Structures are given as C-alpha cells and as structure tokens.
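K.L.:
Structure incoming, see below.
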Amino acid sequence: MRAVWVEDDVMGRVTAVVQGQAGDRAAARRELAAIWTEVEQSGGDAFHRCVIAHFLADLQDDLRDELVWDERALAAVAGVTDERAQEYHPSLQVRGFLPSLYLSLADDHRRLGDAARAHEFLERARGTIDALGDDAYGGLVRSGLDNVARALAEGSTERLLSH
C-alpha cells in the first residue's frame with residue numbers, strides 16, 4: 001500500500017481493514033461498509049467513495065453485489081481530481097485508477113456471461129493502460145487484462161482474479 005502523504009483518517013482506517021482482513025472477508029466487508037456509511041453521511045468525498053467501493057467489490061460473495069460496488073467505484077472516480085488524489089499521495093493521478101476499475105467491470109460482466117459488456121470494459125481498460133507505471137501494480141493490472149481477454153476468448157465465466 002502507498003504511504004500516506006497527508007494524514008487521512010478515513011484512508012488509514014480503510015488500509016487497516018484491508019491489510020488486517022486475514023481471510024475474514026465478512027468482517028472486512030462489515031467494517032468497510034460502516035466506513036462507507038460514515039463517508040456518505042459526511043458529504044461523500046469522491047476519493048474515499050472510489051477507494052472504499054473498489055475494495056468492497058472484491059469482498060462480495062455475490063457477483064451481482066460485486067458489480068454494484070464496482071459500478072459505484074467507477075461512478076465515484078468521476079468526481080475525483082488529481083489534486084484530491086495527490087492530497088493522499090503526490091504520485092497519484094486519477095487516470096491511473098481507470099485501468100483497474102475497468103478491468104474489474106470487464107471481469108464482472110464476463111463472469112455474468114455478458115461478453116459484449118466485458119469486451120467494452122476491456123477495451124476501455126486497454127485505452128487507459130498507458131497511465132500505469134512499469135511497476136508491480138502495473139504488471140498486475142496488465143496480467144489481469146490478459147487473463148480476462150483469454151477467458152473471454154475461451155467463453156469462460158469462472159473466477160480469475162484473486163479477491
């Protein structure tokens with residue numbers, strides 16, 4: 001996880017939940033949902049909503065719930081500016097969030113059997129892949145894109161991404 005540049009209590013709590021989940025997905029899901037509710041009640045900072053929803057999506061047991069949270073993350077990112085993201089860490093750019101968000105949606109739609117929507121989001125992800133660095137995170141997202149594309153070509157709806 002990235003180091004915090006400016007003290008951000010919400011992100012500190014989110015990071016603690018994600019790093020401390022140790023296989024207890026239900027507990028992590030409950031804790032992040034509680035943070036989500038707090039953020040929403042306090043006016044709903046789009047950066048926080050995007051990050052929380054992206055993590056909550058990965059903790060869902062039901063694929064349709066996962067899709068809903070991934071859609072919330074994508075909707076929230078539209079309200080995040082580079083300046084806001086850089087309050088958390090100076091290296092962040094909103095465009096760098098998009099490949100992972102689109103990849104998650106491509107995988108959701110693939111697993112739901114909607115190949116057309118999966119291809120649409122896969123292409124969106126590929127269109128933003130240049131925003132990723134040549135680092136472990138960029139490699140992970142690129143690998144995920146390759147895996148989803150391969151599964152789509154094979155007609156597979158099995159889970160591929162580790163959640």
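K.L.:
State whether one or more residues within segment 111-134 are assigned to a helix (DSSP H, G or I) and either in contact (Cβ under 8 Å) with a residue 60 or more places away in the chain or over 27 Å from residue 147 (Cα atoms) (or both).
P.N.:
No, that holds for no residue.
K.L.:
Identify the single condition in (1) within 29 Å of residue 45 (Cα to Cα); (2) touching a Leu at 6+ places or on another chain (Cβ under 7 Å) that residue 136 does not satisfy, given that it satisfies every other one.
P.N.:
Of (1) within 29 Å of residue 45 (Cα to Cα); (2) touching a Leu at 6+ places or on another chain (Cβ under 7 Å), only one is false for residue 136: (2).
K.L.:
Next up: Could you say whether any residue in segment 72-91 is surrounded by 15 or more Cβ atoms within 10 Å (Cβ to Cβ) and farther than 16 Å from residue 50 by Cβ?
P.N.:
Looking for residues that are surrounded by 15 or more Cβ atoms within 10 Å (Cβ to Cβ) and farther than 16 Å from residue 50 by Cβ, one finds none in segment 72-91, hence no.
Every read-out reported here was derived from the displayed coordinates using simple, explicitly stated rules and does not represent laboratory data. Bear in mind that the values here come from a model prediction, so they are computed numbers and not experimental data. Ideal geometry is used to build each Cβ from the backbone, glycine not excepted, and the neighbour counts take in all protein chains shown.
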